[in-house]
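See below for the structure under consideration.
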Amino acid sequence: MYLVSCLAILMSSGVLYFLKKMSIKNQFAGFQNEQFTLPFNVADPDTTYIMPKALKEISGLSYLDTNQVLTVNDEKGFLYTYDFTEGKVVSKIDFGKKGDYESVTRKNNIVYIAESNGNLKVVDLKQGKKIMEYDTPLSRKNNVEGLCFDENRNQLLMVCKGRLEKKSRNRKIKGIYSFDLTTNKFIDNPFKLINLNEERENLLPLNLTNDQLSNFTINSRLKSFAPSAMAIDPINSNIYILSTRGGILTVMDSNRALLGIYFLSRHTYGQPEGITFDQDGNMYISNEAKSTKANILKILRS
């Protein structure tokens, strides 16, 4: 009887431990607007696609069509099409010499690729070649890392990892700028200035431990915020911004109000450099090879 009781206790303890581990695995933390719920379990991606050697330094990401994405490989002037079903690169377009290419986005058959110096390359997918190039007032000091197409306003949004376009003493502030696709002109006034430490005051903690060490870690990660990618959710037009530094995913609505700040696991997201959505609103995040192999993670919409 005693032995049976011991076995029962051990089994129940094992079940409880397993459930606890599962709950931790499927839990993510951050800050969130009380009326908003992140529709993605970023703590537990659904599918991992390991990238080939050619995409070891995969950077920007843009959804093309069923089972395919467009991407760039940082320093190489090629636009790659990666096919999830075939598990390989199925085409590439030479659009220029080597450079620091960080992001890519698409409007129909026209693809825009941003260099860190603010230069925009324009590629026509039907013609399979570069057709145009635009200079912007942004430079390497601003360090453009994210680019996305804003269909509602017919513009490109460009987010900077570095300093603001107009000098500011506050290095915690990061800027999003816009490029009008009707006039093909850069808009001088910033689309959005982001100061996470200030804006998080309007959000509620989500699954956060309130102790001195945890608060120090949280503050440290928020201070290191430096955008590395950006995309717009096609379902509700919310804007998602990734930061490799600090491992942060930020969400704001189309009116630029902050909805959530979420901390990504460094174990899962080795070096997140690209983000995009498919037509059903599922999210994809690309990671350069670092603590993990270069990959694209698919997170299904809940």
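The values are calculated or read from the model by the stated rules, or taken from the named source; none is laboratory data. What you see is a predicted model; the values in this text were computed from it and never measured. In this analysis, Cβ positions are derived from the backbone assuming ideal geometry, glycine residues included, and neighbour counts consider all displayed protein chains.
Quick one: in the range 250-271, of everything that is touching a strand residue (DSSP E or B) at 6+ places or on another chain (Cβ under 9 Å) and either assigned to a loop (DSSP other than H, G, I, E, B) or modelled with pLDDT under 95 (or both), which residue is surrounded by the most Cβ atoms within 10 Å (Cβ to Cβ)?
Here the residue is Tyr269.
Got a number for residues in the range 90-123 being closer than 22 Å to Val159 by Cβ, touching a residue at least 24 places away in the same chain (Cβ under 8 Å) and hydrophobic (A, V, I, L, M, F, W, C)?
Qualifying residue count for the region: 7.
Answer yes or no: is there a residue in the range 212-222 that is touching a residue at least 12 places away in the same chain (Cβ under 8 Å) and under 17 Å from the mean Cα position of the chain (by Cα).
yes
For the condition under 18 Å from the mean Cα position of the chain (by Cα), farther than 17 Å from Val144 by Cα and touching a residue at least 40 places away in the same chain (Cβ under 8 Å), what is the one hit in Leu79, Leu64? Explain how you work it out, then say what you get.
Working: Leu79 fails: under 18 Å from the mean Cα position of the chain (by Cα).
After ruling out the rest, the residue left standing is Leu64.
Of all residues in the range 145-166, which are basic (Lys, Arg) and in contact (Cβ under 8 Å) with a residue 60 or more places away in the chain?
Lys161
Could you say whether any residue in the range 183-193 is of a type in the set (Ser, Thr, Tyr), part of a helix (DSSP H, G or I) and farther than 20 Å from Phe40 by Cβ?
no
With Ala226, Ala231 as the choices, which residue is in contact with a Phe, Trp or Tyr (Cβ under 7 Å, 6 or more places away or on another chain), crowded, with 17+ Cβ neighbours inside 10 Å and closer than 16 Å to Gly175 by Cα? Quick ask: steps written out before the conclusion?
On the way: Ala226 fails: in contact with a Phe, Trp or Tyr (Cβ under 7 Å, 6 or more places away or on another chain).
The conditions single out Ala231.
Consider the range 46-89. How many of its residues are closer than 21 Å to Tyr240 by Cβ and aromatic (Phe, Trp, Tyr)?
4
Can you find a residue in the range 122-136 that is surrounded by 17 or more Cβ atoms within 10 Å (Cβ to Cβ) and under 18 Å from Pro227 (Cα atoms)?
Checked against the condition, which is being surrounded by 17 or more Cβ atoms within 10 Å (Cβ to Cβ) and under 18 Å from Pro227 (Cα atoms), the range 122-136 yields no hits at all.
If I go through the range 238-249 residue by residue, how many of them are assigned to a strand (DSSP E or B) and of a type in the set (Gly, Ala, Ser)?
Here the count works out to 1.
Take the residues in the range 272-293 that are under 21 Å from Lys161 (Cα atoms), hydrophobic (A, V, I, L, M, F, W, C) and modelled with pLDDT of 95 or more, then tell me which one is farthest from the chain's Cα centre (by Cα).
Result: Ile285.
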